[in-house]
């Protein structure tokens, strides 16, 4: 079973929940926040292997190119531009759709591969830990995310998605069986929770919520979830101690008081979602 952990905004505790839940469940962990992956800091996997992620990009044979500009016209992503007597390529904008190669009547276009990021894989206890790392300066993360999620391991996979509701999140949702939204009792947290819940429902995925940084008396999210028939799996209290432990890269679920909280959340996950 693949469980996606999402958040409407950054900083709500998405990776905090993902890593501790994977630790408690003995589940595999997959970090899809490829622009800023930090789950490995806490799980500290060993025996890490690295695999390059490569994508296609067009190469122009100038001896065959007639400068007709048809390739520029057909490119929907502005990866090609005609400038005086030259066709410029902006390879990082290319989606490798192949349209330019198809439309060229002179066979002046072919494709090569370039590295845009890596996938790293190791082990935490007996579970597999994987993450994608996008190269600095790359504007599009989808290829890394797709390759990261295409061959998921058997068993339970906790998928730590990117924050927000961007295309990176949408791509990750294609691979999940159920989704957990991590939110916080702030106006920004509440606003973005509603956006993320709406997104998940367009995919017809089972949805539940965990409230992080919970302060007693802040019941707006509880009321919203009741009105929208969204189960709340648990709440994690807002305490300075939690922030101090987390800032050291330690697992909060290894401490008895908080282990009980995460055990309860894990049990609720099994109860709410179809478990196999």
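Details
- For the stretch 126-137, the condition holds for no residue, the condition being that it is touching a residue at least 40 places away in the same chain (Cβ under 8 Å), surrounded by 15 or more Cβ atoms within 10 Å (Cβ to Cβ) and not in a strand (DSSP E or B).
- Where a residue in the stretch 220-249 is farther than 13 Å from residue 16 by Cβ and its partner, wherever it lies, is surrounded by fewer than 13 Cβ atoms within 10 Å (Cβ to Cβ) and modelled with pLDDT of 90 or more, with Cβ under 6 Å and at least six apart: none
- Taking the conditions (1) outside any strand (DSSP E or B); (2) within 30 Å of residue 156 (Cα to Cα) in turn, residue 53 satisfies each one other than (1).
- Any hit, the stretch 176-188, residues being closer than 15 Å to residue 12 by Cα, in the same structural domain as residue 40 (by TED's automatic domain parsing), surrounded by fewer than 20 Cβ atoms within 10 Å (Cβ to Cβ) and touching a residue at least 60 places away in the same chain (Cβ under 8 Å): yes
- Test: residue in the stretch 77-96 that is touching a residue at least 40 places away in the same chain (Cβ under 8 Å), outside any strand (DSSP E or B), touching a strand residue (DSSP E or B) at 6+ places or on another chain (Cβ under 9 Å) and at positive phi: yes
The values are calculated or read from the model by the stated rules, or taken from the named source; none is laboratory data. Everything numeric in this text was worked out from a predicted model, so none of it was measured. Neighbour counts are summed over all protein chains in view; Cβ atoms, including those assigned to glycine, are modelled from backbone coordinates with ideal geometry.
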